[in-house]
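**Q** Once you've had a glance at the structure underneath, I'll fire off some questions.
The values are calculated or read from the model by the stated rules, or taken from the named source; none is laboratory data. Keep in mind that what you see is a predicted model, and the values were worked out from it rather than measured. Note that each Cβ is placed from the backbone with ideal geometry, even for glycine, and that neighbours are counted across all protein chains shown. Keep in mind that these areas ignore ligands, DNA and RNA; they rest on the heavy atoms of the full protein, side chains included. Shrake-Rupley method; radii C 1.70, N 1.55, O 1.52, S 1.80 Å.
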Amino acid sequence: LARLPQTEANFPAVLDAPTVPLLPAADWANVGNASPAAVMQTLNWAMAKHDANVIPSLIAWDADAKAKVEAFFAAAPEAVRQKFGSIDGVLYAMLSGLPPIAGFAVVSQNIQGNEDTLIEQHQYQDGRVRQNQVTLHQFDDGWRIVFGDEKTLRGFDATLKFAAVANAGQQP
């Protein structure tokens, strides 16, 4: 993997084609979280296999964001909280709503102590190619993706609100 001298703030999110060979979905496995690349593969594997039990071991919330999502969750109607069970359940629902991925690769990473910022590329099954910057932190039990950017917070809030509206529509 290429080492970045610093985090790339301006990189294209949408690509015409992959710029690196992608690991196809058929080759994904639960390889744990001993490295940032392993976390990315395990997350993609868990999403493809609909294994919600693995997700919590791969993610961590930024402290400020965790307080916000816990407040969103606490403010949701009881039926919605029961549906998701936890903030991790809401995150899993958000991720499950994304289109299926055919392949992914870690393009580059910048490890500084127990922090990593990597660029991952993925191709959806419909052929679209995207890349994202992902922040990870190494904890005592391995690496985890750190969630908490504004886009994630908006998605979390929207997922809860959509579930509340859907639930209200099911009431007699």
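**Q** In nm, what is the difference between 0.36 nm times the number of residues separating Gln125 and Ser86 and their Cα-Cα distance? Present the calculation step by step, with values, prior to reporting the outcome.
**A** On the way: separation 39, 0.36 × 39 = 14.04 nm, distance 2.95 nm.
Taking Gln125 through Ser86 to full extension adds about 11.1 nm, to one decimal.
**Q** Full extension from Ala26 to Asn53: what is 0.36 nm times the residue separation minus their Cα-Cα distance, to one decimal in nm? All intermediate terms of the calculation are to be shown ahead of the outcome.
**A** Working: separation 27, 0.36 × 27 = 9.72 nm, distance 2.03 nm.
Contour length minus Cα-Cα distance gives 7.7 nm.
**Q** With runs of 4+ DSSP H residues as the only contributors, calculate the mean residue ellipticity of the chain at 222 nm using -39,500 (n - 2.57) per run, divided by the residue total and rounded to the nearest 500. Please report the intermediate quantities before stating the final value.
**A** Details: 5 runs with 65 residues, N = 172.
That comes out to -12000 deg cm²/dmol.
**Q** Quick one: Debye curve from the C-alpha atoms of region 34-172, no solvent, what's log10 I(q)/I(0) at q = 0.18 Å⁻¹?
**A** Log-scaled intensity ratios, in q order: -1.09.
**Q** Work out how much length Asn132 to Ala74 would gain on full extension: take 0.36 nm times their residue separation and subtract the Cα-Cα distance, in nm to one decimal. Write down the numbers at each step before the final one.
**A** Details: separation 58, 0.36 × 58 = 20.88 nm, distance 2.97 nm.
Computed gain between Asn132 and Ala74 is 17.9 nm.
**Q** While we're on this one: Taking a spot 7 Å from the Cα of Asp141 along the direction of its beta carbon, which residues of region 83-125 have an amide N less than 20 Å from it?
**A** 85-93, 114-116
**Q** Shifting gears a bit: Applying the Karplus parametrisation 6.51 cos²θ - 1.76 cosθ + 1.60 with θ = phi - 60° to the phi angles of region 59-75, what ³J(HN,Hα) value in whole Hz is obtained for each residue in order, glycine and proline being reported as x?
**A** 10, 9, 9, 4, 4, 5, 5, 4, 4, 5, 5, 5, 5, 4, 5, 5, 7
**Q** Which value, in debye to the nearest 20, describes the size of the charge dipole of the chain about its Cα centre when Lys and Arg Cβ atoms bear +1, Asp and Glu Cβ atoms bear -1, and nothing else is charged?
**A** Numbers: 12 positive and 18 negative charges, 80 e Å.
Roughly 380 debye for the chain.
**Q** Still on this structure, I have one more. Keeping every protein chain present and rolling a 1.4 Å probe, give me the accessible area per residue for the chain in Å². Intermediate results must be reported in sequence, preceding the final value.
**A** Values: 9380 Å² over 172 residues.
Each residue of the chain exposes 55 Å² on average to a 1.4 Å probe.
**Q** Given a 1.4 angstrom probe, I'd like the percentage of the accessible area of region 1-117 that is carbon and sulfur, rounded to a whole number. Could you put the intermediate results ahead of the total?
**A** Details: 3470 of 6290 Å².
In region 1-117, the share of accessible area belonging to carbon and sulfur is 55 percent.
**Q** Which one of Tyr92, Ser57, Asn114 has its Cα pushed farthest toward the positive end of the charge dipole of region 41-122, where Lys and Arg give +1 and Asp and Glu give -1 at the Cβ?
**A** Tyr92
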